[in-house]
Amino acid sequence: MRSSLRGSFGRKRQSAFLLAALFFLGLSGCFSMSLRNLPHRLSRVPWEGAQGFWEDEQQADYLISIDDRRVVVSFQGQVRKVATILDFSERRLHLCEDGQESTREIVWDRHQLTIRDPKTEETHHLLKLLNKPRELTLSPLQIPEPSPVTAERALQIEEELSKRVRTDQESQRSRFEQTWGIAATQSSRIPGQALPDELATLNMIAVKAENTKFLKNLVTEIGWIDSRRFGSAAAHDAFLLAQHSQDLPLMLAGLPKIKAEVETRRLEGETYALLYDRILLLLGEKQRYGTRMGKDPAGQPIVLPTELPETVGDRRKGLGMSPLAEYVKIFGASEVRFSSACTNITRRQ
């Protein structure tokens, strides 16, 4: 049992996946409470007082780590999201998360922290932990070296992955059309499409969860799905399911495997760029290849924050990718425009 300063506080576990997913996507307001109703006994202390490790009073597997640069969120036993702190005050954090700027209102004393998203009103009341839980350490999913499979099983896995990708695409089709205002034709298979998490349907969440569980179980049994054993189509389908999972340990485990496939020309360079960019944004950083798109306040397509945008064309060319000016047309943009969000983030080394 983790050592916390909770005194006689009881625990009320909320372990259902759907509820946890709803919390992560900002769709649940079950524990919302306005900060103006907080007890006045919470004292104003220096910013450093909010730093440390925290556990939700009512959802014991919801954990937060705060330091002078990042906020890390973990639930159901693993890190799910990282946000970079752009600025802060006694009562507010200004963050970069998934390529967007956001704020969190915070109130704390020595042992208790309340953190609220003013946009969704999602609120967590947390208790301070004495030590860092292992669940707040981000590391790749541990997968074994590739093991031999029979031709029959390889075919079964290839067919199952193909079926799951079709289900994945279908669950996102209407959202793609609604988000970008264009018909979901072949372009809907572009895995770089940015779907607004806050509007995700329950069906999309369920499909993503089931596909992620399947892929994690599979790769921890037989190793990453590579083209040598399963063919390029299956390797690409595995990449696509990992890309849409938003499961950081799974994505981090797959990244070097996909890079190796690209280097041996078994997969296109775009697969590596797409996964790399999505990981960086989920870690609260800027992307490198400009594959992730969003919308500006006027609702127009825009390339999410990108490192050194003046040289992104060279990086894309190095992976055999199309020019960014051609890529953005998929999303209805007539020209390349880069988001100015998260400008305070220094270049990732």
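Based on what the data block shows, is residue 83 closer than 29 Å to residue 307 by Cα, among the aliphatic types (A, V, I, L, M) and not assigned by TED's automatic domain parsing to the domain that holds residue 240?
Working: closer than 29 Å to residue 307 by Cα: yes; among the aliphatic types (A, V, I, L, M): yes; not assigned by TED's automatic domain parsing to the domain that holds residue 240: yes.
Here the answer is yes, as residue 83 does meet what is asked.
Can you confirm whether residue 74 is outside the structural domain of residue 339 (by TED's automatic domain parsing), under 19 Å from residue 279 (Cα atoms), without any contact (Cβ under 8 Å) to a residue 60 or more places away in the chain and touching a strand residue (DSSP E or B) at 6+ places or on another chain (Cβ under 7 Å)? Even if it seems obvious, please write down each step before you answer.
Details: outside the structural domain of residue 339 (by TED's automatic domain parsing): yes; under 19 Å from residue 279 (Cα atoms): yes; without any contact (Cβ under 8 Å) to a residue 60 or more places away in the chain: no; touching a strand residue (DSSP E or B) at 6+ places or on another chain (Cβ under 7 Å): yes.
Here the answer is no, as residue 74 does not meet what is asked.
Please find, within the stretch 323-349, the residue that is surrounded by the fewest Cβ atoms within 10 Å (Cβ to Cβ) out of those that are among the polar types (S, T, N, Q) and without any contact (Cβ under 8 Å) to a residue 40 or more places away in the chain.
349
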- Query: For the subset of the stretch 90-99 comprising residues that are over 12 Å from the mean Cα position of the chain (by Cα) and of a type outside the set (Lys, Arg), which member is surrounded by the fewest Cβ atoms within 10 Å (Cβ to Cβ)?
  - Reply: 90
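Residues checked against (1) part of a helix (DSSP H, G or I); (2) more than 24 Å from the chain's Cα centre (by Cα):
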residue: 294; (1), (2): no, no
residue: 310; (1), (2): yes, yes
residue: 315; (1), (2): yes, no
residue: 322; (1), (2): no, yes
residue: 326; (1), (2): yes, yes
residue: 335; (1), (2): no, yes
residue: 343; (1), (2): no, no
- If you go through the stretch 245-283, how many residues are touching a residue at least 60 places away in the same chain (Cβ under 8 Å), touching a Gly at 6+ places or on another chain (Cβ under 7 Å) and more than 18 Å from residue 211 (Cβ to Cβ)? 1
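Of all residues in the stretch 50-62, which are in a helix (DSSP H, G or I) and surrounded by fewer than 18 Cβ atoms within 10 Å (Cβ to Cβ)?
Filtering the stretch 50-62 for residues in a helix (DSSP H, G or I) gives 50.
Scanning the stretch 50-62 gives no hits.
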- Which ones in the stretch 296-308 are assigned to a loop (DSSP other than H, G, I, E, B) and farther than 21 Å from residue 259 by Cβ? 296, 297, 298, 299, 300, 304, 305
- Tally of residues being within 15 Å of the chain's Cα centre (by Cα) and over 25 Å from residue 293 (Cβ atoms) across the stretch 52-78: 5
- When the stretch 329-340 is examined, which residues are found to be at pLDDT 95 or above and closer than 20 Å to residue 279 by Cα? 338, 339
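Return a yes/no flag: does the stretch 80-89 have any residue that is closer than 30 Å to residue 225 by Cβ, surrounded by 14 or more Cβ atoms within 10 Å (Cβ to Cβ) and at pLDDT below 95.
Filtering the stretch 80-89 for residues closer than 30 Å to residue 225 by Cβ gives 80-82.
Filter once more, keeping what is surrounded by 14 or more Cβ atoms within 10 Å (Cβ to Cβ): 80-82.
Next cut, at pLDDT below 95 only: 80-81.
There is at least one residue in the stretch 80-89 that is closer than 30 Å to residue 225 by Cβ, surrounded by 14 or more Cβ atoms within 10 Å (Cβ to Cβ) and at pLDDT below 95.
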- Item | Residue selected from the stretch 110-156 under the condition touching a residue at least 60 places away in the same chain (Cβ under 8 Å) and in a helix (DSSP H, G or I), by the criterion farthest from the chain's Cα centre (by Cα) | 154
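The values are calculated or read from the model by the stated rules, or taken from the named source; none is laboratory data. As the structure is a prediction and not an experimental result, all values here were calculated from the model. Here the Cβ is made from the backbone with ideal geometry for all residues, glycine too, and neighbour counts use every protein chain on show.
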